[in-house]
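**Student:** Quick one: structure below, then a few questions.
The values are calculated or read from the model by the stated rules, or taken from the named source; none is laboratory data. All values derive from a computational prediction rather than experimental measurement. When we count neighbours, we look across all protein chains shown, and the Cβ atoms used for this are built from the backbone with ideal geometry, even at glycine.
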Amino acid sequence: MISRLFNKIPKWVNEIADNDPNKKLLQQLSQASNKPLSTPREMNFDIRNLKRLEDAEALSQHLNKIDWVTKIEKDHLNPDLLWVTATKQNYAITEQTLFDDQALIIRLANIFDAEYDGWYASVE
């Protein structure tokens with residue numbers, strides 16, 4: 001049983017460093033899904049601790065131009081701060097798409113003096 005679950009996890013996921021939080025998330029997603037990670041699904045990245053609405057809007061506009069749908073919300077723990085969720089439908093999780101998009105989101109968070117808060121995806 002365990003070997004069958006392990007075989008569902010793509011080789012590139014198992015090659016990620018053990019201390020990288022992406023590894024555990026991808027392993028869990030692989031095990032929970034009936035389909036490969038590359039099966040199109042909904043993908044979300046979160047950026048938190050935006051201090052100004054103008055920054056949240058500028059960040060959202062940049063992401064919208066590259067086919068992400070964004071939502072701006074007040075942070076539920078600190079209503080003085082804002083939270084942006086970037087969502088893409090039909091997202092195939094591959095080594096390249098995940099790490100390229102994650103790097104972009106982290107860079108944008110840094111530009112706007114905010115924090116990257118991680119990603120989550122639908123189970124297919």
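**Student:** Taking into account only those residues within segment 32-47 that are farther than 30 Å from residue 72 by Cα and loosely packed, with under 13 Cβ neighbours inside 10 Å, which is modelled with the lowest pLDDT? Write out each step before concluding.
**Tutor:** Going through segment 32-47, the residues farther than 30 Å from residue 72 by Cα turn out to be 34-36.
Filter again for loosely packed, with under 13 Cβ neighbours inside 10 Å, leaving 34-35.
On the way: 34: 83, 35: 89.
Here the answer is 34.
**Student:** Filter segment 100-119 down to residues that are surrounded by fewer than 14 Cβ atoms within 10 Å (Cβ to Cβ) and within 22 Å of residue 15 (Cα to Cα), then give me how many there are.
**Tutor:** Going through segment 100-119 one residue at a time, the tally reaches 2.
**Student:** Is it fair to say residue 23 is surrounded by 12 or more Cβ atoms within 10 Å (Cβ to Cβ), without any contact (Cβ under 8 Å) to a residue 12 or more places away in the chain and touching a helix residue (DSSP H, G or I) at 6+ places or on another chain (Cβ under 9 Å)?
**Tutor:** yes
**Student:** Here is a further query. Determine, yes or no, whether residue 90 is exposed (fewer than 12 other Cβ atoms within 10 Å of the Cβ), of a type outside the set (A, V, I, L, M) and either outside any helix (DSSP H, G or I) or touching a residue at least 40 places away in the same chain (Cβ under 8 Å) (or both).
**Tutor:** When the stated conditions are applied, residue 90 passes them.
**Student:** Using the structure shown, decide if residue 71 is within 23 Å of residue 100 (Cα to Cα), in contact with a Ser or Thr (Cβ under 6 Å, 6 or more places away or on another chain), basic (Lys, Arg) and not in a helix (DSSP H, G or I).
**Tutor:** Answer is yes for this residue.
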